[in-house]
Structures are given as C-alpha cells and as structure tokens.
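Colleague: Let me begin by handing over the structure; questions about it come next.
Nothing in this text is a laboratory measurement; each read-out follows from the coordinates by a stated rule. Here the structure is a predicted model, which is why all the values come from computation and not from measurement. No Cβ is skipped: glycine too gets one built from the backbone with ideal geometry, and neighbour counts run over all protein chains shown.
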Number of protein chains: 2
Amino acid sequence: GKDVKRFKPGDHVGVGCMVDSCQKCSACEEGHEQYCAEIATFTYNHVDRHDKMPTYGGYSEKIVVSDKFVLKVPDGLDLKGAAPLLCAGITTWSPLRHWKAGKGSKVAVIGLGGLGHMALKLANALGADVTLFTRSAGKEQDARRLGAHNVVLSTNKGQMASVQGRFDLIIDTVPYVHDLNHYLPTLTINGTLVLLGYVGDLESMLSTVPLVMGRRSVAGSVIGGIAETQEMLDFCGKHGITSDVEVIKIQDINKAYERMLKSDVKYRFVIDMASLKAT
Amino acid sequence: GKDVKRFKPGDHVGVGCMVDSCQKCSACEEGHEQYCAEIATFTYNHVDRHDKMPTYGGYSEKIVVSDKFVLKVPDGLDLKGAAPLLCAGITTWSPLRHWKAGKGSKVAVIGLGGLGHMALKLANALGADVTLFTRSAGKEQDARRLGAHNVVLSTNKGQMASVQGRFDLIIDTVPYVHDLNHYLPTLTINGTLVLLGYVGDLESMLSTVPLVMGRRSVAGSVIGGIAETQEMLDFCGKHGITSDVEVIKIQDINKAYERMLKSDVKYRFVIDMASLKAT
C-alpha cells in the first residue's frame, strides 16, 4: 500500500518462511520473530492471524504481507538462486552467526542437501575451516566445489577417529532420525552440535559422556529473524552467493517430489510460477 | 617442598578432585584442567602420572601434590563445611559462571542433594532468581533456607505448566537416568540445561522439538578448573558460604554409605580423619 516507505514498485524483494508474528513478546522485540511466544505466522500451511485465512507459501501467485516481513534482495543476485536463501540460507546462517563461526573456527556440516550445501557456502565465506560429514563417498568433489576444505565419511571409523575433538560447531542438517553419539566426540571442549533438520525424538539414547566430559552442547535452531535474514541476503549479495537450483514448471511438481524423496536434487527445486499460467 | 612459594606451613589449603594434568594442552592452558586432553589425574581412584601409584583421595592421611593444584581456603570458613566446596561447590559454580548466572537471570536446580544444595546457595549469592525442581513435597522449607525463591514439584503438571519458558539456566544434579523432556520446555529461548550428575545414556528419547523451536541447549559440565575453584572459594569466603555437612568417624563409613543410598544425608558427609588414629 501507499504507507510502505521501505520499498517501491520494481524493487526485488522476498518473503521468507514468516509473514507475521505477535511483534510484542521479548523474542520479537529482540528480532527473533521465529521464536515468537505466540508462534509466528508461517508463510505456508498456517493461518493468518488477522483474516484467519490459510497461507499457501510458494504456491501463491500473490501475497499480502506487512512490510516488516519483506526482505530486499540485493542487486546482482540471480533471483532463482536467491529464492532458497530465504529458507535454506537463513536456516544455516542463523546458527553460524549465533555460535560465531568465522576465521579461526572449525565448522562441520552433516549432510549435503538443500541446507547442507548452503551451510558449506556460508561457513566458507565467513572464513571458517569447513568439513562435510557424509555417508556417500561420491559427494567429495561437489562438497569441495561448494566450500568444504575436508570431507569425512561418517561410516568410516578411521576417518571419524581422525577428527575427534576437532569442531567448534557442527551444523546438523539431517532431516530424519539419526544417532548423534558418533558426532559428539568430534566437538572441541565447549563445542556445540546444532540440529536444524530433525524435529522429533532422537535415536539412539543420547549419551551424556561427551557432554559432561567436555562441556559440549546439543542445541537446535529454526530459520532466523527478519533482521538477520536481511543481513544474510546482504552478505550473499556481497559474496555472490546463491543456492544451486533446478528450476521446474508447476506441471512437473509431482515428478520433482518423487526425485526429492530419492535425494535426487542439486540442491533445491525452484518453481517458475509463470508456468502456472500455462495450465 | 622448599620451592613452594605460594603457601607456608600453617596455611589452610585444600585439594580438589584433581592433583595433576598434562598442563600443556589447550584446555589446561585455558585453565580448564578438568577437560585436559590427556585426562587429568584425579585425586581418587586414578593412577598418578609420575610414579604410577594409585590415588586414594579423601581416605589419604597425607597427599603429595603440585602446588598448582593446591587451593587456599579463605580465613573464617569452617573447614568441615569448606571441604565439599572443592567438589560439590566447584561442580555447581563452574556452570553457573560459564552460563553467566547472576542478577536478572532465572536459574532452576533439579534435585536437592550434595550438588543441589550448593547450587541453590551459590546461585542465590550470585543474585539470580532461584527455583528448585524436586519430586519430594517435604523439601520446600529446606530449599528456601538454602536460597531457593521458588519450589516446583516436578510431578505436578499444573506447577510444571506454570514455569514453561521461564529459566535461562537449569542445573541438573540428578545422578541417575532420567527424562529431560519434562524440563526442556521450562527453558527460555536460548536457555541451557546443563547435566552435572548423570554420566551415561539418557532415557527416554530426547525430543528435539523444544531445542529446535527455541534455540535451547542440552549441555554437560564436570567439576571446574583450578583458577575458577580458587575464585569460588574466595567468593564463598566473602559470602560466608559452606556446605551443610554431617561429620562422621571413619568407623561409621559403611553406615554412612547405606544412608547415602537412601538419600538420607543433609547434605554431605565429611570424614574426620583424626578418627582413623582410633582404629
């Protein structure tokens, strides 16, 4: 509307995973709208807090959103590759910044998918020494291209033993149940493993030994706040970072869904919404 | 020996849980000898790294120890009550300091035993708002005397619901397997639950939901470094804090052990080693 001063027609803008929040709890006031005490209004699969209508996210042709929740996409960034920055980008950026990844720190990333490939790019650009943990031997070349300095096969005992006590921060992007006990001893004293992908009960039992004997932490994190999303976009603009995407037509969505289930995507599908008009 | 400059005959000194460490790894250099990469030499049930003799801890009549691992006990502190500061005191002090408990912060303590009663005293003296989680209704009066401002029965759903999202730091002193899932939602956004008492596999499965949806952490911690042990003793000297102890004769050790198994001790047994001469 005409009251919006921060943007003008023709600007490249983006909307992330949230369109609104209570904007008055302490989390919101600190810029952590993703942890809103009244739960943020998510862009998809949620109910708008004003008109009680469902939110359809990236399948929408049009969206109405408070300008506070609109992000400016820096000039020069490819828009197709920038779109996933608003989800996979901020989800990995927020913990990298919160736990202070940067020059002199050693960061490991578990899993090379939509989140993992962004974590490699961002951690590398922040100046950290970056390692990928993967179960798939074939991912080494891609991992190095995306920013990993080292690749560790998590199924190889010798390789796992060689990185005991090494990482200040582990970014765990695995979206299904998995055992953390293999990874915790690879943290330094005071190190943190942060879960981004899995929301549910962990298996196996978590052993407290590496936590107690090394003041290590297991933490979680979800997307990021609006201010830090803009910070991430500006950083990506400066460093020329986008997501590796495959652009698909809306008509191919079922095929893409099946390929996603087989982990056959490098590394994010982006739907060209212009294709909707062809139906 | 005569090369010791920091102490003179007649000083009141103490030795904690460690008598030595490698003193050259990064943990030792940072004053975190408890996390020594080569594992510290513990005062009890360990093997001395020089003469390869076993260490007998508090059952020793004499002890030989590098002056670096000797602590000065402040004048005016009752020695019987000061003895457990070197274990229960530092074990609770270290995480309170590391996670910055103090004025304006809300700290909860799980369990009122040897560690728990020290956590209440120290957190209170540091200026925090202090809550005890307990399963025993009868502990309220003692908890308040020891420094708790609030007591929450962890078996009472209504009481637990009333403290959701409240605590910046939870000091978990429970020494047996227990379920953390009840406690994690009582942490604030960015809050940490730190395990001090239980070393092993946690039950039940840890749910990642409160971690991911609130950037909360589960961490561990063991005793504390030498420098922070001295800091804790000096703080206790200034605030007149000691452990609540029952002094026993060495001849009563088996009876004390049985009472300890029944949690029938308030809150630490201290052995009067002079009684050893009577055998």
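Colleague: Go through (1) in contact with a Phe, Trp or Tyr (Cβ under 9 Å, 6 or more places away or on another chain); (2) under 23 Å from A:Met18 (Cβ atoms); (3) within 12 Å of another protein chain (Cβ to nearest Cβ); (4) surrounded by fewer than 21 Cβ atoms within 10 Å (Cβ to Cβ) for A:Tyr176 and report which single condition fails.
Modeller: The number of the failed condition is (2).
Colleague: Taking only the stretch B:147-171 into account, find how many residues are closer than 24 Å to A:Ala27 by Cβ, part of a strand (DSSP E or B) and of a type outside the set (S, T, N, Q).
Modeller: Residues meeting the conditions: 6.
Colleague: Related question: Need a quick list: helices (runs of 4 or more DSSP H) entirely within the stretch B:204-267 having at least 1 residues that are touching a residue at least 12 places away in the same chain (Cβ under 8 Å) and under 30 Å from A:Glu38 (Cα atoms).
Modeller: By residue number, B:209-212.
Colleague: Could you check the stretch A:227-263 and list, in sequence order, the residues that are surrounded by 23 or more Cβ atoms within 10 Å (Cβ to Cβ) and either among the hydrophobic types (A, V, I, L, M, F, W, C) or closer than 30 Å to B:Pro95 by Cβ (or both)?
Modeller: Kept after step one, since they are surrounded by 23 or more Cβ atoms within 10 Å (Cβ to Cβ), are these residues of the stretch A:227-263: A:229, A:232-233, A:236, A:243.
Within the stretch A:227-263, A:Met232, A:Leu233, A:Cys236 qualify.
Colleague: State the number of residues belonging to the stretch B:60-75 that are under 19 Å from B:Asp272 (Cα atoms), of a type outside the set (Asp, Glu) and in contact (Cβ under 8 Å) with a residue 60 or more places away in the chain.
Modeller: 1
Colleague: Shifting gears a bit: For the subset of the stretch B:192-210 comprising residues that are over 20 Å from the mean Cα position of the chain (by Cα) and more than 7 Å from chain A (Cβ to nearest Cβ), which member is surrounded by the most Cβ atoms within 10 Å (Cβ to Cβ)?
Modeller: That would be B:Pro210.
The rows are residues; the columns are (1) within 14 Å of chain A (Cβ to nearest Cβ); (2) over 22 Å from the mean Cα position of the chain (by Cα); (3) under 29 Å from B:Lys80 (Cβ atoms).
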{"position": "B:Val4", "(1), (2), (3)": "no, yes, yes"}
{"position": "B:Lys8", "(1), (2), (3)": "no, yes, yes"}
{"position": "B:Val15", "(1), (2), (3)": "no, no, yes"}
{"position": "B:Asp20", "(1), (2), (3)": "no, no, yes"}
{"position": "B:Gln34", "(1), (2), (3)": "yes, no, yes"}
{"position": "B:Phe42", "(1), (2), (3)": "yes, no, yes"}
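Colleague: Next question. Six or more apart or on different chains, Cβ atoms under 8 Å: show the pairs whose first residue is in the stretch A:28-57 and closer than 26 Å to A:Glu231 by Cα and touching a residue at least 60 places away in the same chain (Cβ under 8 Å) and whose second is assigned to a helix (DSSP H, G or I) and acidic (Asp, Glu).
Modeller: What qualifies is A:Gly31/A:Glu228.
Colleague: What pairs come up if the first residue lies in the stretch A:113-137 and is in contact (Cβ under 8 Å) with a residue 60 or more places away in the chain, the second is assigned to a helix (DSSP H, G or I) and of a type outside the set (A, V, I, L, M), and their beta carbons are under 6 Å apart, counting only those six or more places apart or on different chains?
Modeller: Once the first residue is in contact (Cβ under 8 Å) with a residue 60 or more places away in the chain and sits in the stretch A:113-137, its partners that are assigned to a helix (DSSP H, G or I) and of a type outside the set (A, V, I, L, M) give A:Leu115/A:Thr91; A:Leu115/A:Thr92; A:Met118/A:Gly89; A:Met118/A:Thr92; A:Leu122/A:Thr92; A:Leu122/A:Trp93; A:Ala125/A:His239.
Conditions (1) out of contact with any helix residue (DSSP H, G or I) (no Cβ under 7 Å at 6 or more places or on another chain); (2) hydrophobic (A, V, I, L, M, F, W, C); (3) surrounded by 23 or more Cβ atoms within 10 Å (Cβ to Cβ); (4) part of a helix (DSSP H, G or I), marked per residue:
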{"position": "B:Lys80", "(1), (2), (3), (4)": "yes, no, no, yes"}
{"position": "B:Pro84", "(1), (2), (3), (4)": "no, no, yes, yes"}
{"position": "B:Gly89", "(1), (2), (3), (4)": "no, no, yes, yes"}
{"position": "B:Ser94", "(1), (2), (3), (4)": "no, no, yes, yes"}
{"position": "B:Gly102", "(1), (2), (3), (4)": "yes, no, no, no"}
{"position": "B:Val107", "(1), (2), (3), (4)": "no, yes, yes, no"}
{"position": "B:Leu115", "(1), (2), (3), (4)": "no, yes, yes, yes"}
